[in-house]
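K.L.:
Mind looking over this structure? Questions follow.
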Amino acid sequence: MIVVLKPDISKKDETAVLKEIKKLGYVPHIMRGVERTVIGCIGDERTHQNLETLGSWSQVEKVVPIQKRFKLVSREAHKGNSTVKVGPEKVLVGGKKFQVMAGPCSVESEMQLMKTAHAVAKAGATILRGGAFKPRTSPYEFQGLGEKGLKMLAKARRETGLPVITELLSEAHAEMVAEYADILQIGARNAQNFQLLIAAAKTGKPVLLKRGLSMKIEEWLLAGEYVLSNNNPNLMFCERGIRTFETYTRNTLDLSTIPIIKKESHCPIVIDPSQGAGRSDLVVAMCKGATAMGADALLIEVHPNPAEAWSDGAQQLTIEGFAKLMEELKPFIAAAGRE
Ligand code: PEP
Ligand code: MN
């Protein structure tokens, strides 16, 4: 931490600040400028008391933290790239192999899910997505099939061999959803529901944490910290677009998060261009961009008949569209040094 003193404070005031810094367990180093004095405080902020309280002292202009607030998710905590093993088949997210998670926004029926699951598996998807608990903006919209939907996902996994990702909406369902799912998705609307994050972490299952609708990257990293600090190292971040002034798209997909998360964290980064764009005609281009930029995986919505989907119809790819995308992605996967 750096403590910046107000200009023209007395020697006595300066000494009082220095005394407090030492009392909190830091070694102060004074740097005197022409107008101002700043004090570099040496000590581990993780084990020492927080110096930020000094900001309220009348002698102090501001306190500037140097260390980052997120610890376990940070690159400093783990030098290499973390990989997350998914399901009994141990599909590796974050490794050399590029992964594609695909499937319907919502599980609607056994027929709809099985048809999609077999088709995405055939086209090369490695993880099946499908929502059984849906976080709908309106209470009058389809809320998901609940456990019935989870059972269908389990059946689709048995039939296709694809591990399953599905959203966890409530702490009360953590154990139940974890019984069926190979990855617990924490949705954008719950990205800072810290009790839910803890409950998800405690199941021991891998967690995919979406970025909140208006979430700053530091807040997202700190939300991820809740998973790692609850003894679950299997965390993936997922960018799905944020709310901006732009209405041309449903959200603004922030692809800068790929190099930023790679720089700040060792955890994999997944891109969801379906929620990101909200428009199926933009999904292919965004998938290509995200892949070339070094994303570890994509999360894509696919439906046998998007026009009749019970949720997110406008953004879901058809089965044929998805198969075509998988072909077109190949050179981008290779260009990113992935398989
Ligand atoms: C979804 O994946 O269908 C979903 C609801 O995602 P998000 O939480 O990103 O809106
Ligand atoms: Mn959706």
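K.L.:
Using the Cα centre of the stretch 2-64 as the reference point, and only Cβ charges (+1 on K/R, -1 on D/E), how large is the resulting charge dipole? Debye, rounded to the nearest 20.
P.N.:
Taking the Cα centre of the stretch 2-64 as origin, the dipole is about 180 debye.
K.L.:
Of K6/K263; K6/K71; K96/K324; K11/K62; K134/K330; K68/K134, which pairs sit farther than 28 Å apart, going by alpha carbon to alpha carbon?
P.N.:
In this structure, K6/K263; K6/K71; K134/K330; K68/K134 lie more than 28 Å apart at Cα.
K.L.:
On a full-extension model of 0.36 nm per residue, what is the gain between N81 and E327, subtracting their alpha-carbon distance, rounded to one decimal in nm?
P.N.:
Full extension from N81 to E327 adds 85.9 nm.
K.L.:
Given Cβ point charges of +1 (Lys, Arg) and -1 (Asp, Glu) and nothing else, what value in debye, to the nearest 20, does the dipole of the chain about its Cα centre take?
P.N.:
740
K.L.:
Here is a further query. Can you work out the accessible area per residue across the chain, with the rest of the protein chains kept in place, probe 1.4 Å, in square angstrom?
P.N.:
Values: 15490 Å² over 339 residues.
Counting only protein heavy atoms, the per-residue value for the chain is 46 Å².
K.L.:
Taking θ as phi - 60°, what are the ³J(HN,Hα) couplings along the stretch 161-167 by the Karplus curve (6.51, -1.76, 1.60), each to the nearest whole Hz, with x for Gly and Pro?
P.N.:
Residue by residue, the stretch 161-167 yields x, 7, x, 10, 10, 8, 7 Hz.
K.L.:
OK, next. Ranked highest first by the average count of other Cβ atoms within 10 Å around their residues, in what order do 91-100, 162-171 fall? Can you show the working numbers first?
P.N.:
On the way: 91-100: 19.4, 162-171: 23.1.
Going from most to least packed, we get 162-171, 91-100.
K.L.:
Give a quick list of trypsin sites (Lys or Arg not before Pro) in the stretch 1-64 that DSSP marks as loop, anything other than H, G, I, E or B, with at most 15 other Cβ atoms within 10 Å.
P.N.:
When the trypsin sites (Lys or Arg not before Pro) of the stretch 1-64 are filtered for loop state and at most 15 Cβ neighbours within 10 Å, R36, R46 remain.
K.L.:
How much accessible surface does L213 have with a 1.4 Å probe, in Å² rounded to 10?
P.N.:
Solvent-accessible area, nearest 10 Å²: 50 Å².
K.L.:
With both bridge residues required to lie in the chain, what share of the DSSP beta bridges run antiparallel, to the nearest 5%?
P.N.:
The antiparallel fraction comes to roughly 40 percent.
K.L.:
Rounded to the nearest 500, what is the chain's calculated 222 nm mean residue ellipticity when only DSSP H runs of at least 4 contribute -39500 (n - 2.57) each, over all residues?
P.N.:
The helix-only estimate for the chain comes to -10000 deg cm²/dmol at 222 nm.
K.L.:
Treat the stretch 84-335 as a sphere of radius equal to its Kirkwood radius over Cα pairs and apply Stokes-Einstein at 10 °C in a medium of 1.306 mPa s; give the translational diffusion coefficient in µm²/s, rounded to a whole number.
P.N.:
The diffusion coefficient I find is 90 µm²/s.
K.L.:
What's the carbon and sulfur percent of the chain's accessible surface, probe 1.4 angstrom, rounded to a whole number?
P.N.:
Here it works out to 55 percent.
K.L.:
Suppose the chain between S170 and V38 were pulled fully straight at 0.36 nm per residue; how much longer would it get relative to their current alpha carbon spacing? Mind dumping the intermediate values first?
P.N.:
Working: separation 132, 0.36 × 132 = 47.52 nm, distance 4.74 nm.
Contour length minus the Cα-Cα distance gives 42.8 nm.
The values are calculated or read from the model by the stated rules, or taken from the named source; none is laboratory data. This one's a predicted model, so the numbers in the text were calculated from it and none came from an experiment. Cβ sites come from the backbone with ideal geometry, for glycine too, and all protein chains shown count toward neighbours. All accessible areas refer to the heavy atoms of the entire protein, side chains included, with ligands and DNA or RNA removed. Shrake-Rupley method; radii C 1.70, N 1.55, O 1.52, S 1.80 Å.
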